[in-house]
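Notes for the one structure printed next.
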Amino acid sequence: MRNVSVFGLGYVGLTFAICLASKGFNVIGVDVDKFKIDLISNGKIPFHEPGLNELLDEVLRNGNFRCTDNYWTAITESSISFICVGTPSKPDGSIDLKYVKNVSTDVGTVLKYKDMYHLIVVRSTVTPGTTRNLVRKVVEHLSGKKCGFHFGLCMNPEFLREGSAVHDIFHSDRVIIGEFDSKSGDLLESFYSNFYGSHTPPILRTSLENAELIKYANNAFLAMKISFINELANICEYIGNTDVKVIAKGIGLDHRVNPSFLNAGLGWGGSCFPKDVQALISFAKNLNYDPILLNAVKKVNDLQPYRAVDMAKKLLGKLKNKKIAILGLAFKPGTDDMRNAVSIKIVNRLVEEGARVVVYDPVAMDNARKIFGNNVVYADSSIQCIKGCDCCIIVTEWDEFRYLKPEVFVKYMRFPAVIDGRRIFDPSKFLGRVKYVAIGLGL
């Protein structure tokens, strides 16, 4: 199965498709957005992801990758189709499966006229039961064919981190295969064995529903760790001589806890954690179960960004007409993605308080302009951003901000007050040089 079609050329689908093509698979990417197709076909990635542009140039040059809006061609010329479309939230927080249903409709329509066996793999994040009860039923109904006989079906969740997605695909720590039947699972396992070769990671084969829930459990657990350490950070701020970074290091040395995702800050954002935690909450409620812990995880995170605003008020008093610099806008370093970024909450609240806000991010400025419009001033560098400001808030932990020394803030700011929202500075070097406060630092 070296002829592949990938439906949905967003962050997950395009990255996956290009990485497959770079390993010699013949990949057809499918999307309904013709502008995006033209952009990619001309060697341009519609988002920031380190290393992906170089791979795209390579696979376009050797002919292993092409993209189209013609789903018929994509399905007939491939033996395996990966569904990687988005699953956004509805207004009530539940998952919206319309794009998954649309692709299932396209696949079923074409398979009606295709004689050869075809494997369908869902990589989109979907709630338990979706692959079996939506994808399978739609494809069976429209094709008139039987799942497990005429076509195969698997659920194969992705675990990519924006900013390191290329590395994550090539060096995955596991492959989860939810299978409708053993033939489907065998084929997908063989596919990944060909992709990884001698470096194939552990493969877990299980039911479709287990695979669907593993993805939600994974993201919810990581979100829980961050909310936990942020809750502890908030407590530390009320206790003298405490530092959440030391607390996190101390508990992280316990192998049962693990230090990963114990970095206190202003909360989690992006396209996955907020959406997936809310979807799992809504899914549980529809089962008549009240997910107490998940609700608490979400509530802590909903409030966490405003800690930075509260700190600014303690430093400056009323914020009206105060000039405040925001360093970092993307939801995390290494990406230009601002979906559910904590910077949005912080900036909007500061504007509501009457502050004059200046913002800077190394790669997310174009997206920021779409979100904030004329409500803020856009700087071209970190120095320009802090110049003449009364306060600076570190919102995203980009490496270039880590090199800013106390004397830089003293030299360029009107009132050198720094709020370290991501704990990138050494307090011992900043305290006494500038007015310095930080998440989880009890003085």
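Across segment 79-101, which residue is farthest from residue 281 (Cα to Cα) among those that are touching a helix residue (DSSP H, G or I) at 6+ places or on another chain (Cβ under 8 Å) and of a type in the set (Ser, Thr, Tyr)?
81
Could you grab me the full set of residues in segment 208-257 that are basic (Lys, Arg), crowded, with 17+ Cβ neighbours inside 10 Å and more than 30 Å from residue 152 (Cα to Cα)?
Within segment 208-257, 225, 245 meet the criteria.
Residue by residue through segment 121-158, note down the ones that are polar (S, T, N, Q) and part of a loop (DSSP other than H, G, I, E, B).
Correct list: 124, 125, 127, 156.
Applying the selection to segment 308-325, what residues are within 25 Å of residue 365 (Cβ to Cβ) and in contact with a Leu (Cβ under 8 Å, 6 or more places away or on another chain)?
Once the filter is applied, which keeps residues that are within 25 Å of residue 365 (Cβ to Cβ) and in contact with a Leu (Cβ under 8 Å, 6 or more places away or on another chain), segment 308-325 yields 308, 309, 312, 319, 322, 324.
Out of 103, 110, 85, which single residue is outside the structural domain of residue 366 (by TED's automatic domain parsing), buried (at least 23 other Cβ atoms within 10 Å of the Cβ) and more than 30 Å from residue 332 (Cα to Cα)?
Details: 110 fails: buried (at least 23 other Cβ atoms within 10 Å of the Cβ); 85 fails: more than 30 Å from residue 332 (Cα to Cα).
So the residue among 103, 110, 85 that is outside the structural domain of residue 366 (by TED's automatic domain parsing), buried (at least 23 other Cβ atoms within 10 Å of the Cβ) and more than 30 Å from residue 332 (Cα to Cα) is 103.
How about segment 81-94: which of its residues are in a strand (DSSP E or B) and closer than 23 Å to residue 17 by Cβ? Talk me through it step by step, then tell me what you get.
Here is the first cut: in segment 81-94, the residues in a strand (DSSP E or B) are 81-83, 89.
Within segment 81-94, 81, 82, 83 meet the criteria.
Identify the single condition in (1) in contact with a Leu (Cβ under 6 Å, 6 or more places away or on another chain); (2) part of a helix (DSSP H, G or I) that residue 357 does not satisfy, given that it satisfies every other one.
(2)
Tell me whether segment 161-180 contains one or more residues that are more than 24 Å from the chain's Cα centre (by Cα) and within 17 Å of residue 204 (Cβ to Cβ).
We begin by selecting, within segment 161-180, every residue more than 24 Å from the chain's Cα centre (by Cα); these are 179-180.
If we keep only those that are within 17 Å of residue 204 (Cβ to Cβ) too, we end up with 179-180.
Yes, segment 161-180 contains a residue that is more than 24 Å from the chain's Cα centre (by Cα) and within 17 Å of residue 204 (Cβ to Cβ).
Looking at segment 230-246, which of its residues are of a type outside the set (Lys, Arg), in a helix (DSSP H, G or I) and touching a residue at least 40 places away in the same chain (Cβ under 8 Å)?
The answer is 230, 231, 232, 233, 234, 236, 244.
I'm trying to understand the selection: among the residues of segment 360-386, which are under 25 Å from residue 10 (Cα atoms), assigned to a helix (DSSP H, G or I) and touching a residue at least 24 places away in the same chain (Cβ under 8 Å)?
Answer for segment 360-386, where residues must be under 25 Å from residue 10 (Cα atoms), assigned to a helix (DSSP H, G or I) and touching a residue at least 24 places away in the same chain (Cβ under 8 Å): 365, 366, 367, 368, 371, 372.
When you look at residue 47, is it of a type in the set (Phe, Trp, Tyr), at pLDDT below 95 and over 23 Å from residue 181 (Cβ atoms), yes or no?
Values: of a type in the set (Phe, Trp, Tyr): yes; at pLDDT below 95: yes; over 23 Å from residue 181 (Cβ atoms): yes.
Judged against the criteria, residue 47 is a match.
The values are calculated or read from the model by the stated rules, or taken from the named source; none is laboratory data. None of the values given here were measured: they were computed from a predicted structure. Cβ: placed from backbone, ideal geometry, glycine included. Neighbour counts: every protein chain shown.
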